[in-house]
Amino acid sequence: MPLRWGWVGLLTGLIVAALLLAWLDSTLLRPLFPESVPGARRLEVVRSQGHGVPLPPVGRRELVFYGFGPVGGLFSFWWFVSAAVGATLVALAVLIAFPGRARRAAERVRVAALPLMFAAGIATLLLGLALTVLLRVGFVLVSIVPFLYGLALLGAVFGVAAFALAAGRWLRARLGPAPPLLAALAAILVLLDVSLVPVAGWLVLAAAAVTSLGLSVLTRVGSATGWSLDELNL
């Protein structure tokens, strides 16, 4: 299936925008992010003062590219890029591993249903928080807490993948035919670009994650029947 130039331009623009935003976050907007190792930096300043010759840096040496920061540094350009690539691959892997469930969940996506999905996500988070407190008080069941966090994360990732599939269908109706995974990739890149905008992007990403969790809960992770008490009948 040959791609139209609209798809090529969209994907190229989204990737360039993501790289530019990652560079801005790691350089000009770096003060907005917390210091990864503030104690080590203070120690560097103390060691370099009071001596005729500055002492070598403490700790392991890092590979640094001019204008991009250290390769392994937290909140560096490379950290943002690797996190974005990892999140994209995980979302696409969900679509590949569970195509039927993702399609059924995507069919439930409607603009009018977004408030209900957001409310369901908030309710799920509050319920999980309450269970976490109870399990920690019980001590014996405290090991289940990471399991609950993992389930919530998986639900959010599945919901994001389903939303990306639905948004990709919307894009295909306007830009022409394209493979579903490619259209979903474009939708994921849009979310990543928005999330790289400081403060406002973080709020949008949090709202998207909560709504995605609500979508997973309401559709029972793309189940064919959804939630129904009739299944309790013997």
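The values are calculated or read from the model by the stated rules, or taken from the named source; none is laboratory data. Keep in mind that this is a model prediction, so the values were computed, not measured. No Cβ is skipped: glycine too gets one built from the backbone with ideal geometry, and neighbour counts run over all protein chains shown.
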Residue within region 208-220 that is crowded, with 18+ Cβ neighbours inside 10 Å, in contact with a helix residue (DSSP H, G or I) (Cβ under 8 Å, 6 or more places away or on another chain), assigned to a loop (DSSP other than H, G, I, E, B) and among the β-branched types (Val, Ile, Thr) present: yes
Cβ pairs under 9 Å, 6+ apart, first in region 161-186 and more than 16 Å from Val8 (Cβ to Cβ), second hydroxyl-bearing (Ser, Thr, Tyr) and part of a helix (DSSP H, G or I): Ala161/Ser212; Ala162/Ser212; Ala162/Ser216; Phe163/Thr211; Phe163/Ser212
Criterion (modelled with pLDDT of 90 or more, in a helix (DSSP H, G or I) and in contact with a Leu (Cβ under 9 Å, 6 or more places away or on another chain)) met by exactly one of Leu24, Leu92: Leu92
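Can you spot a residue in region 186-205 that is of a type in the set (Gly, Ala, Ser) and under 23 Å from Arg104 (Cβ atoms)? Don't jump to the end; show me each part of the working.
Restricting attention to region 186-205, the residues satisfying the condition of being of a type in the set (Gly, Ala, Ser) are 186-187, 195, 200-201.
Subsequent filtering for residues that are under 23 Å from Arg104 (Cβ atoms) retains 186-187.
Yes, region 186-205 contains at least one residue that is of a type in the set (Gly, Ala, Ser) and under 23 Å from Arg104 (Cβ atoms).
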Every pair of residues 6+ apart whose Cβ atoms lie under 7 Å, when the first sits in region 20-42 and is on the phi < 0 side of the Ramachandran plot while the second is loosely packed, with under 14 Cβ neighbours inside 10 Å and modelled with pLDDT under 50: Glu35/Arg41; Ala40/Val58; Ala40/Gly59
Of the criteria (1) over 14 Å from Pro180 (Cβ atoms); (2) surrounded by 15 or more Cβ atoms within 10 Å (Cβ to Cβ); (3) modelled with pLDDT under 95, which one Phe98 fails: (1)
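For the subset of region 200-228 comprising residues that are of a type in the set (A, V, I, L, M, F, W, C) and modelled with pLDDT under 85, which member is farthest from Phe163 (Cα to Cα)? Don't jump to the end; show me each part of the working.
Within region 200-228, the first condition is being of a type in the set (A, V, I, L, M, F, W, C), and the residues that meet it are 200, 202-210, 213, 215, 217-218, 221, 224, 227.
Still in the list and also modelled with pLDDT under 85: 224, 227.
Details: Ala224: 17, Trp227: 19 Å.
Per the stated criteria, the residue is Trp227.
Go through region 160-207 residue by residue and tally those that are part of a loop (DSSP other than H, G, I, E, B) and either touching an Asp or Glu at 6+ places or on another chain (Cβ under 8 Å) or surrounded by 14 or more Cβ atoms within 10 Å (Cβ to Cβ) (or both).
Let us first name the residues in region 160-207 that are part of a loop (DSSP other than H, G, I, E, B), namely 176-179, 196-199.
Going one step further and asking which of them are either touching an Asp or Glu at 6+ places or on another chain (Cβ under 8 Å) or surrounded by 14 or more Cβ atoms within 10 Å (Cβ to Cβ) (or both), we end up with 176, 178, 196-198.
Summing the residues that are part of a loop (DSSP other than H, G, I, E, B) and either touching an Asp or Glu at 6+ places or on another chain (Cβ under 8 Å) or surrounded by 14 or more Cβ atoms within 10 Å (Cβ to Cβ) (or both) in region 160-207 gives 5.
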Leu131 being exposed (fewer than 15 other Cβ atoms within 10 Å of the Cβ), in a helix (DSSP H, G or I) and in contact (Cβ under 8 Å) with a residue 60 or more places away in the chain: no
Some residue of region 107-123 being assigned to a helix (DSSP H, G or I), among the charged types (D, E, K, R) and at pLDDT 90 or above: yes
